[in-house]
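Notes follow once the structure below has been shown.
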Amino acid sequence: MPWHLKSKIFSRFNFWINFFDVQATDSCVADSLTFRLGLTGDLVGSYCGGYPQGPFLSFTGVDYGIMFKTDGLFEGRGFNLTWEVLASDTVAPGGGTPPPPTR
């Protein structure tokens, strides 16, 4: 089941990693956390592996869909993200792009 984050106006969506440990595979084909414009719109990014704690992603828009997919073969710690929605002209933390995976 996807999460659907919505704002009534054009806004900045900021995401921080508290922890992220999802099976790492080429192109994230086994397990992944995927962000889309809306629930079924364009792919923003698909992420797997490990990422350090801190700023992760920042987007501007009205709504985003987030989906976790797993093949169930390997178990990691999972993920925990914190998010906020601010005025669209707010500066993105960490430059708005994800850090490189740690594995």
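The values are calculated or read from the model by the stated rules, or taken from the named source; none is laboratory data. As the structure is a computational prediction, the values presented were derived from the model and not from experiment. Counting neighbours? That spans all protein chains shown, and the Cβs are built from the backbone with ideal geometry, glycine included.
Residue-by-condition table, conditions (1) of a type in the set (S, T, Y); (2) closer than 23 Å to D63 by Cα:
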position	(1), (2)
W3	no, yes
S7	yes, yes
S11	yes, yes
I17	no, yes
F20	no, yes
Q23	no, no
R36	no, yes
L43	no, yes
Y47	yes, yes
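Of everything listed in (1) at negative phi; (2) within 15 Å of the chain's Cα centre (by Cα), the single unmet condition for D71 is (2).
Taking region 19-49 as the range and being hydrophobic (A, V, I, L, M, F, W, C) and under 14 Å from L81 (Cα atoms) as the test, the residues that pass are F19, F20, V22, L33, F35, C48.
Scan region 30-47 and tell me whether some residue there is of a type in the set (G, A, S), more than 28 Å from V91 (Cβ to Cβ) and touching a residue at least 40 places away in the same chain (Cβ under 8 Å). Within region 30-47, one or more residues are of a type in the set (G, A, S), more than 28 Å from V91 (Cβ to Cβ) and touching a residue at least 40 places away in the same chain (Cβ under 8 Å). Checking every residue in region 86-100 against the condition of being touching a strand residue (DSSP E or B) at 6+ places or on another chain (Cβ under 7 Å), assigned to a strand (DSSP E or B) and at pLDDT below 95 gives at least one match. For region 24-56, enumerate the residues that are crowded, with 18+ Cβ neighbours inside 10 Å and within 15 Å of M67 (Cα to Cα). Answer for region 24-56, where residues must be crowded, with 18+ Cβ neighbours inside 10 Å and within 15 Å of M67 (Cα to Cα): C28, D31, S32, L33, F35, R36, Y47, C48. With respect to L5, determine if the residue is surrounded by 15 or more Cβ atoms within 10 Å (Cβ to Cβ) and of a type outside the set (D, E, K, R). When the stated conditions are applied, L5 passes them. I'm trying to understand the selection: among the residues of region 33-78, which are closer than 13 Å to I17 by Cα, of a type in the set (A, V, I, L, M, F, W, C) and either assigned to a loop (DSSP other than H, G, I, E, B) or modelled with pLDDT of 95 or more (or both)? Those that are closer than 13 Å to I17 by Cα, of a type in the set (A, V, I, L, M, F, W, C) and either assigned to a loop (DSSP other than H, G, I, E, B) or modelled with pLDDT of 95 or more (or both): L33, C48.
Determine whether F10 is at pLDDT 90 or above and surrounded by fewer than 14 Cβ atoms within 10 Å (Cβ to Cβ). For F10, the condition - at pLDDT 90 or above and surrounded by fewer than 14 Cβ atoms within 10 Å (Cβ to Cβ) - is met.
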